[in-house]
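The values are calculated or read from the model by the stated rules, or taken from the named source; none is laboratory data. Here the structure is a predicted model, which means the values were calculated and not measured. Here the Cβ positions follow ideal geometry from the backbone for every residue, glycine too, while neighbour counts run over all protein chains shown. Protein only, heavy atoms only, side chains kept; ligands, DNA and RNA dropped before computing areas. Shrake-Rupley method; radii C 1.70, N 1.55, O 1.52, S 1.80 Å.
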Amino acid sequence: MIIQPLYDAPQHAEQVTDWLWQAFGPTQPRDFFASIVNHSQKPGALPLTFIATEGVKLLGTVGLWRCDLISRQDLFPWLAALYIDESQRGKGLGGMLQETVTGFARSLGFTELYLYSACKNYYERSGWQYIGDALEYPDKSVHLYRYGL
C-alpha cells in the first residue's frame, strides 16, 4: 500500500470526487466537490489531498485543508474528508491516513490540527481531543476536535 498526494496519481481524482460527493454532500452539486479536489493538487500548497492505493486500486482519501467548517474559520488547518472504501474499513487505514496528515502538517510547522465530525468516539482513539460542539451550515450540530502536533 502507498499513501501519497493525489497530485502524484491524478488519475484517481474522479473517484475521490465521487466518494466525497456521495459521503459528504449528495444534496450539493458534484461540481462543488470536483472543485475542491481539483484545487487540492498543487505541490507545496494547501488544500492538499492524500490517497491510499494498492496497485491500481484506490483504498481511501483524506485532506489537509485551510478550513472545513465555515462557522469556525478561526481554526487552522483542518484534517478533512477522511473516506475509506467500504471494502477496506476496519483494517486501520483511517488511522494511517490520519497519521499521514498529522505528520505532514507537523513538517510544515503547524502545532495543532482540527477536524469536525458527526461521529463520537472514533477520533478519540487516535488521540484527538474533543473540544466542544460547533455548527455546520445551516443548523447541524457537530463535534469539534483538536490534535496537538
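Here are the numbers:
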| read-out | value |
| --- | --- |
| Test: Ile51 is in contact with a Ser or Thr (Cβ under 6 Å, 6 or more places away or on another chain) and either part of a helix (DSSP H, G or I) or not acidic (Asp, Glu) (or both) | yes |
| For Ala13: the one exception among (1) open to solvent by 20 Å² or more (accessible area, probe 1.4 Å); (2) more than 13 Å from the chain's Cα centre (by Cα); (3) not basic (Lys, Arg) | (1) |
| Given (1) of a type outside the set (Gly, Ala, Ser); (2) out of contact with any strand residue (DSSP E or B) (no Cβ under 7 Å at 6 or more places or on another chain); (3) modelled with pLDDT of 95 or more, number of the condition Tyr122 does not satisfy | (3) |
| Condition met for Asp68 (open to solvent by 50 Å² or more (accessible area, probe 1.4 Å) and free of Cβ contacts under 8 Å to residues at least 60 places away in the same chain) | no |
| Residue satisfying all of: in the range 37-56; among the hydrophobic types (A, V, I, L, M, F, W, C) and within 17 Å of Ala9 (Cβ to Cβ); most open to solvent (accessible area, probe 1.4 Å) among these | Val56 |
| Tyr83 part of a helix (DSSP H, G or I), of a type in the set (Phe, Trp, Tyr) and open to solvent by less than 90 Å² (accessible area, probe 1.4 Å) | no |
